[in-house]
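Contents: one structure, followed by commentary.
The values are calculated or read from the model by the stated rules, or taken from the named source; none is laboratory data. Please read these numbers as outputs of a predicted model, since none were measured by experiment. Here the Cβ positions follow ideal geometry from the backbone for every residue, glycine too, while neighbour counts run over all protein chains shown. These area figures cover heavy atoms from the full protein model, side chains too; ligands, DNA and RNA do not enter into them. Shrake-Rupley method; radii C 1.70, N 1.55, O 1.52, S 1.80 Å.
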Amino acid sequence: MLHRTERSAEGLLPLSEPVFQILISLAAHDLHGYGVIRDIEQRTGRALVLSASTLYGAVKRMMRDQLLERSNERPAPELDDERRRYYRITDFGREVAAAESERIQRLAGMVRDTDFLAKRS
């Protein structure tokens, strides 16, 4: 396995949709696992619904790849369950999400430039 200093954001691309969506969910604030699942469901209009096993498998790999880390910050105790684990995106995770966003934008540009969607009609 490569160490963080030996990796480039582009070397992890393309990201799977669940991994990219998890990074998007954590971009603005730390969340616990169920909060990530709910956020993704709401943002995608239920087009992507992650199971707990899919989420935590991805989170485990993302932590190994240093895209995420556990967060020690928690909301007010009366609003939280102490058993929940909160996650946050790392600086490297932000780099990877930005690189994936740029890759997707380039692909979308190629589709627009070829007029592919208009030819489907």
For this session: Return the ratio Rg/(2.2 N^0.38 Å) for region 8-121, where Rg is computed over Cα atoms only.
Result: 1.22
For this session: For the chain, find the longest principal axis of its Cα atoms and tell me its angle to the long axis of helix 17-28, 0 to 90°, nearest 10.
Result: 60
For this session: Would you kindly find the accessible area of I104, with a 1.4 Å probe and non-protein molecules such as ligands, DNA and RNA excluded, rounding to the nearest 10 Å²?
Result: 70
For this session: Place the peptides 51-60, 31-40 in order of packing, highest mean first, counting for every residue the other Cβ atoms within 10 Å and averaging per peptide.
Result: 31-40, 51-60
For this session: Please give the solvent-accessible surface of R88 in Å², to the nearest 10, using a probe radius of 1.4 Å with every protein chain present.
Result: 60
Problem set entry | Label-point separation in nm, S8 to R84, each point 7 Å along Cα→Cβ | 3.9
Problem set entry | Per residue solvent-accessible surface (Å²) - the chain, probe of 1.4 Å | 67
Problem set entry | Sites excluded, GluC sites (Glu not before Pro) in DSSP loops with at most 11 other C-beta within 10 Å, longest stretch of the chain | 1-72
Seminar exercise, completed: Within region 32-75, the residues whose backbone N lies under 16 Å from a label point placed 7 Å from the Cα of D91 along the Cα-to-Cβ direction are 66-69
Exercise. By how many degrees, 0 to 90 and rounded to 10, does the Cα axis of helix 52-64 deviate from the longest principal axis of the chain?
Worked result: 90
Problem set entry | the chain - percent of accessible surface contributed by carbon and sulfur, probe 1.4 Å | 51
Exercise. So who's got an amide H within less than 5 Å of the one on L31, skipping anything under 5 residues away but keeping other chains? H placed 1.01 Å off N, in plane.
Worked result: Y87
For this session: Calculate how steeply helix 33-43 sits against the longest principal axis of the alpha-carbon atoms of the chain, using the helix alpha-carbon long axis, and give the answer as 0 to 90 degrees to the nearest 10.
Result: 30
